[in-house]
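Participant: To start, I am sharing the structure in question, which I have written as structure tokens.
The values are calculated or read from the model by the stated rules, or taken from the named source; none is laboratory data. These numbers were taken from a predicted model, which means no experiment stands behind them. Backbone-built Cβ (ideal geometry, glycine too); neighbour counts: all protein chains shown. Heavy atoms of the whole protein, side chains included, go into the accessibility calculation; ligands, DNA and RNA do not. Shrake-Rupley method; radii C 1.70, N 1.55, O 1.52, S 1.80 Å.
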Amino acid sequence: MTDLPPDSPCIRICTLDGVGRCTGCGRTLDEISRWATMSVAEQWSVLDRLERSRRDVNQAGAAQ
């Protein structure tokens, strides 16, 4: 982690799925709306969660 703020993970595919997560970046509506006011640590924490989630999905897909 760094003291510098990360870039937003937004990829301009802004549609919420059935559980309230963006199908483009994976953030919740709350995370999206608060992104600009989050601390740098919070932003990196969100990105860490998104990365773990992507890994879990990829591993689950590979296991099938």
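Participant: Whole number in Å², please: accessible area per residue of the chain, 1.4 Å probe, ligands, DNA and RNA not counted.
Facilitator: 73 Å²
Participant: What is the gain in length, in nm to one decimal, between Ser39 and Gln64 on full extension, counting 0.36 nm per residue of separation less the C-alpha to C-alpha distance?
Facilitator: Stretched fully, the Ser39-Gln64 segment lengthens by 5.2 nm.
Participant: Could I ask something else about it? Which whole-Hz couplings ³J(HN,Hα) result when phi for each residue of segment 7-19 is put into the Karplus expression 6.51 cos²θ - 1.76 cosθ + 1.60, θ = phi - 60°, listed in order with x for Gly and Pro?
Facilitator: Couplings: 5, 4, x, 4, 10, 6, 10, 9, 9, 8, 7, x, 10 Hz.
Participant: With charges set only on the Cβ (+1 for Lys and Arg, -1 for Asp and Glu), what does the dipole of segment 18-64 come to about its Cα centre, in debye to the nearest 20?
Facilitator: 100 debye
Participant: Length gain on complete extension for the stretch Val57 to Leu4, per 0.36 nm per residue less the alpha carbon to alpha carbon distance?
Facilitator: 16.3 nm
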